[in-house]
Amino acid sequence: MSKSFLEVDGLSKVYPDGQGGELTVFEDIRFALEKGEFVCIIGHSGCGKSTILNVMAGLDEATTGNIVMNAKEVIGPSLDRGVVFQNYSLLPWKTTLNNIVFAVRARWPKWSKEQVREHSERYLKMVGLDHALDRKPSQLSGGMRQRVSIARAFATQPELLLLDEPFGALDALTRGVIQDELVKIWEETHQTVFMITHDVDEAILLSDRIFLMSNGPHARIAESVKVNIPRPRARATIFQNPAYHKTRDYLVDFLINRSGSALPDEDGKPRVIDPSDVASATEASKPETSAKAVNA
C-alpha cells in the first residue's frame with residue numbers, strides 16, 4: 001500500500017532509434033511526493049523531464065514502471081491532475097472568464113451557474129485579471145495568458161498540479177511577477193505541485209525540494225535537494241538568506257560539473273541532500289561527503 005501521496009516506481013521510457021535498436025531516454029525513475037509539497041525538477045535538455053511529467057499527467061505511457069496516487073494507479077488523464085504548459089493552451093474563442101468557467105463546470109457539473117462564475121472570478125482575481133474577464137486570449141499579453149492558464153489549473157483544485165516550464169516563454173520582468181503570484185496562490189491552496197524549470201533561482205524560490213536529473217540517455221533522478229528557507233518567500237528578499245546562496249551554489253555545481261556522472265542511491269531513490277550540511281558545493285562530489293546524504 002502506498003505510504004506517500006504519490007509514488008513513482010521504476011519508470012523508464014524507451015524509443016526505437018530508427019536503426020533497429022533502442023534509445024533509453026530515462027530509466028528506473030523513483031521518487032515520492034507528499035501531500036501539499038511543491039517540488040521542482042531540473043536537468044539538461046534531453047533527459048526526459050517533460051516525458052516524466054506527461055506520464056504523471058496520463059498523457060503518455062512509460063515503457064516500464066508505474067505511478068500510484070492516493071493508492072490508485074495513474075492510468076490516463078484525470079481531473080485530479082491538472083497541467084499547465086508553456087504555450088498557455090487556452091481556447092481562443094472563449095473569453096478569459098469562460099476559459100475558467102469551462103474547466104470549473106467540467107470539474108463540478110452539478111454546481112449552479114452562479115457558483116461556477118463566483119468560483120472562476122475568485123481565481124482570476126488571485127492572478128490580478130479580474131479587470132479582463134471579457135477579453136479573448138488574442139487581446140491579452142503572453143504574461144496575461146499564462147496567468148489565465150495558471151488560474152484555470154488552480155481553480156479546478158486538482159490533487160496534483162503539473163507545471164511544464166510555465167514561465168519559459170515570458171520576459172524576465174513578467175516572469176518574476178507571475179512567480180510571486182504563484183507563490184501567493186500556492187500558500188493559500190497548498191496543492192501538491194510538480195514543476196519543470198531550467199531556472200535555478202525560480203526553483204529555490206518555489207520549492208520544498210528540488211530533484212536533479214543526470215544527463216540522458218539513461219537519465220536518472222540522482223539527488224533530491226532540500227530547500228531550507230522559511231516561507232513565506234519573496235524574490236526581493238530571498239537572496240538575503242544564507243541558505244539561498246549555499247543552495248544555489250550546490251545546484252549550479254551539479255549542473256555544470258556533476259550531471260554527467262551523478263547516480264542515485266543503491267535502492268534507486270534520489271540521494272537526499274541538505275546544502276547547509278555540505279561544506280562546499282565542490283565537496284559534494286567527493287566520497288566522504290556522500291555520508292551526509294540520507295536515503296530518500
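Taken together, R107, R135, R122, R145 contain a single residue that is charged (D, E, K, R) and buried (at least 18 other Cβ atoms within 10 Å of the Cβ), which is R145. Any residue at all in the range 100-120 that's of a type in the set (F, W, Y) and within 29 Å of I204 (Cβ to Cβ)? No; the residues of the range 100-120 include none that is of a type in the set (F, W, Y) and within 29 Å of I204 (Cβ to Cβ). Please enumerate the residues belonging to the range 136-178 that are of a type in the set (K, R) and over 18 Å from H119 (Cα atoms). The answer is K136, R145, R175.
Among the residues of the range 90-104, those identified as in a loop (DSSP other than H, G, I, E, B) and surrounded by 14 or more Cβ atoms within 10 Å (Cβ to Cβ) are L90, K94, T95.
All of the numbers you see were taken from the coordinates with simple rules; none came from a lab. Given the structure is predicted, the values throughout are model-derived calculations rather than measurements. Backbone-built Cβ (ideal geometry, glycine too); neighbour counts: all protein chains shown.
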